[in-house]
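Everything on this sheet refers to the single structure shown next.
The values are calculated or read from the model by the stated rules, or taken from the named source; none is laboratory data. All figures in this text were calculated on a predicted structure; none of them were measured in a lab. Quick reminder, even Gly has a Cβ in these numbers, built from the backbone with ideal geometry, and neighbours come from all protein chains shown. When the accessible area is computed, the model is the full protein with side chains, heavy atoms only, and any ligands, DNA or RNA have been set aside. Shrake-Rupley method; radii C 1.70, N 1.55, O 1.52, S 1.80 Å.
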Amino acid sequence: MGTQHTSARPHAQSRNDGKNPSPRTRTATRRGGVTHDNARHTTRFTVIGNHLAQHAELSLLAIGLAVHIQSLPSGASIGIRTLAARFPEGTTRIAGALRELEAHGYLRRTRERTKDGLIVTRTVSCNQPGRTGTTDEPKPEPKRPARREDKPPRRALPSVPQPAYPAPDLLATALGVLSGLRRTDPRLLISVTDAEHLVPGVAAWLERELTPEAVHNALTADLPAEPLYRPAALLAHRLTDRLPPLPPYRAPGNPAAHHPLQNCDTCDRAYRAPEPGTCGACASTR
């Protein structure tokens, strides 16, 4: 047994002297190690990096806990009590494993205040620490601006005649004429803004020695039967289109041209007369 056969051909010596065996050599020399019987997953699987599965500093509990957390859907609860109810390890060991993962960048935990004033912990699982913008953290939906219905721009009213001398009393009488139109036809109800635009046109009529009753009748006579969608525009058109001519020149001293404006005791409309009383329209109905 101990005799050496000098005639036998010596074995060839390895070039690396066994210091760096080839993969075949490693496989051959480790026949007692693990072998893999792998099947390709097509559904219900999670990709885990070897940097986590073979981490040199994490405990086995922390590695397994990280794998479990990465397999959960976004929004799943991973509180200490929830994990302790799922696994046999207690809350102390699970809390320590979570701290390990947080220290090595596999977990990020921040505290935020909700709209109700409660303090909640937001946890982000990182499948590859050091990268940003690749997490599945549920992001709050951006607030959509309040939807505003696009209304068509309001069309400007037609221009109206302007009085030569816009005295305050004259403008007040004109406003009274416009305010009384709705008593004859409710469709002639106008806004304050429209009234301010139309008052000078009515005043221009009154300057032509027309009574407020005459202006009232000119604006309300022969109205169309269909609905009035823009009554102020109709009135502006009539004030311009039906503007009467200037009165003939009268020699100074004619008392009829200087009668003051009076308010009718019956209908409260303004009219010109030397003394207070009733307007011509109310006097004719008696």
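Subtracting the Cα-Cα distance of Arg109 and Val192 from 0.36 nm times their residue separation leaves 23.8 nm of extension gain. Annotation: amide H of Ile190 has no partner in the under-5 Å range at sequence separation 5 or more or interchain, hydrogens built in the peptide plane. Of the chymotrypsin sites (Phe, Trp or Tyr not before Pro) found in region 184-283, the ones in coil according to DSSP and having at most 15 other Cβ atoms within 10 Å of their Cβ are Tyr229, Tyr249.
Rolling a 1.4 Å probe over the protein chains gives His51 an accessible area of about 80 Å².
When both region 175-236 and region 28-103 are represented by their alpha-carbon centers, they are found 84 Å apart. Annotation for region 156-261: trypsin sites (Lys or Arg not before Pro) lying in DSSP loop with at most 16 further Cβ atoms inside 10 Å of their Cβ are Arg208, Arg242, Arg250. Full extension of the chain between Asp222 and Ser71 gives 46.3 nm of extra length, using 0.36 nm per residue less the Cα-Cα distance.
Checking every one of the trypsin sites (Lys or Arg not before Pro) in region 73-127 against DSSP loop status and a limit of 15 other Cβ atoms within 10 Å picks out Lys115. Measuring spread by the Cα atoms of region 201-243 yields a radius of gyration and Dmax of 10.7, 32 Å. Note on exposure: Asp222, Asp194 ranked by accessible area (1.4 Å probe, complete protein assembly) read Asp222, Asp194, with the most exposed listed first. Close amide-amide hydrogen proximity is noted between Gln262 and Tyr271, Arg272, Ala273, each under 5 Å apart and 5 or more residues distant or on a separate chain (H modeled in the peptide plane; Pro and chain starts excluded). Applied to region 231-238, the Karplus parametrisation 6.51 cos²θ - 1.76 cosθ + 1.60 on θ = phi - 60° returns per-residue 3J(HN,Hα) values of x, 5, 5, 5, 5, 4, 5, 5 Hz, with x for Gly and Pro. Quick one: pull the percent of accessible area on region 151-249 belonging to carbon and sulfur, 1.4 Å probe, ligands and nucleic acids left out. Whole-percent figure for carbon plus sulfur exposure: 60. Rounded to whole numbers, the Karplus 3J(HN,Hα) couplings from phi for region 261-272 are 6, 10, 9, 4, 6, 9, 9, 6, 7, 7, 7, 9 Hz, using 6.51 cos²θ - 1.76 cosθ + 1.60 with θ = phi - 60°, and x at Gly and Pro. The heavy atoms of Thr193 offer some 90 square angstrom of accessible surface to a 1.4 angstrom probe.
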